[in-house]
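One structure is given below, encoded as structure tokens.
The values are calculated or read from the model by the stated rules, or taken from the named source; none is laboratory data. Since the structure is predicted, the reported quantities are computational estimates derived from the model, not experimental observations. Note that each Cβ is placed from the backbone with ideal geometry, even for glycine, and that neighbours are counted across all protein chains shown.
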Amino acid sequence: MTEDNMSTIDIQENQLLKLDKELLTILLQDKSTGRNIIWASDNYKKHGPEYSADRQLLVPLITGHHWNIIRPRTAKSKTEQQKRVRQKAEVFTPSWVCNRQNNLIDEAWFGRKDVFNTEQEASWLTNKERICFQTDAGRTWTDYVELDRLEVSCGEAPYITSRYDAVTGDFIAVPDRIGILDRKLRAVAENTESKDDWLDWADRAVKSVYGFDWQGDNVLLARENVLFTVAEHFLYKFNSELPVQDLLGFAKVIAWNIWQMDGLKFVVPNSCCTETRTEETLFETITHSTECEGCKKGDNRRHNGIYCRIKDWKTNKILRFVDMVMEGK
């Protein structure tokens, strides 16, 4: 991977700060805790105690002289990559595999193969013709744009947006992208003319894609990738940059839709704890310890950690993710 390619795929936090100081603040928010996302691992602890697993990602810690701390996986050293594989089973998927799996989802929805592209050995050939939305079920491009999709353990969100190959680091041009959001934004571009209409439907597209991850840096990288995907598609369609106010609007949606979570417990990572209480008797003070009931019994409805919340944009309701899973929604 060349330095030029790295500068293209790596969205630097100083760059976000320069665009608008509120932008990075929004992208660091944790809607479940009301604070910021946390590091959730000790991979960055060498930089100081404020980079410990339980500490929040704060703007001063990743900007200024610290501008190069958060980097995509392909820019991390082999040692760092291997350490994260061992500790959190972190494995990134090449874009051609993401494409193949996303194609299977689209094949089931459209009722036909090769809608957006034709698969090749470890690549694909983009279909340059306008996408036809005539389906046996009578579905339209607006139905497709508003389909809710979730990428579990999303890492840097390669299934949602394929700005670059998560394994090789190769940048992928807008017309050839294969992510879920990329496909939705292509449908928006092909079926709208004005900027206002594009922005309206792009907003609906972003509100329909969700993802979560344990690692704090991955959550930020995924959020940045989704935001810049929107900006790059807008630039490709209109040959002009997305206004900062619109970037802020999309960032507020993304902060809800890409969130930090322990995917096995549906709570904020490491938020479950052993609770202690003291009891004063006539002769002594007795301390009682109570393990998290959910962790002890494997019951995801009884954790004492902070349950993650997401937003249903169709109803504007804030929901606990665990409740949606348990109810099969």
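Among the residues of region 106-121, those that are surrounded by 11 or more Cβ atoms within 10 Å (Cβ to Cβ) and more than 24 Å from residue 204 (Cα to Cα) comprise 112, 113, 114, 118, 119. Kindly indicate the residue of region 30-43 that is surrounded by 21 or more Cβ atoms within 10 Å (Cβ to Cβ) and not charged (D, E, K, R) and also farthest from residue 255 (Cα to Cα) among those meeting that condition. Among them, the one singled out is 41.
Quick check on region 136-147. Is at least one of its residues part of a helix (DSSP H, G or I) and of a type in the set (A, V, I, L, M, F, W, C)? Yes, region 136-147 contains at least one residue that is part of a helix (DSSP H, G or I) and of a type in the set (A, V, I, L, M, F, W, C). If residue 166 satisfies all but one of (1) farther than 25 Å from residue 30 by Cα; (2) part of a loop (DSSP other than H, G, I, E, B); (3) aliphatic (A, V, I, L, M), what's the number of the condition it fails? Condition not satisfied by residue 166: (1). State yes or no: is residue 151 in the same structural domain as residue 219 (by TED's automatic domain parsing) and under 14 Å from the mean Cα position of the chain (by Cα)? When the stated conditions are applied, residue 151 passes them.
Would you confirm whether any residue within region 126-138 is of a type in the set (Phe, Trp, Tyr) and touching a strand residue (DSSP E or B) at 6+ places or on another chain (Cβ under 9 Å)? No: zero hits. Return yes or no: is residue 249 buried (at least 21 other Cβ atoms within 10 Å of the Cβ), assigned by TED's automatic domain parsing to the domain that holds residue 58, on the phi < 0 side of the Ramachandran plot and of a type outside the set (Phe, Trp, Tyr)? For residue 249, the condition - buried (at least 21 other Cβ atoms within 10 Å of the Cβ), assigned by TED's automatic domain parsing to the domain that holds residue 58, on the phi < 0 side of the Ramachandran plot and of a type outside the set (Phe, Trp, Tyr) - is not met. A residue that is more than 25 Å from residue 40 (Cβ to Cβ) and assigned by TED's automatic domain parsing to the domain that holds residue 189 can be found somewhere in region 219-230. Determine whether region 280-293 contains at least one residue that is farther than 25 Å from residue 191 by Cβ, of a type in the set (Gly, Ala, Ser), free of Cβ contacts under 8 Å to residues at least 40 places away in the same chain and not in a helix (DSSP H, G or I). Checking region 280-293: at least one residue is farther than 25 Å from residue 191 by Cβ, of a type in the set (Gly, Ala, Ser), free of Cβ contacts under 8 Å to residues at least 40 places away in the same chain and not in a helix (DSSP H, G or I).
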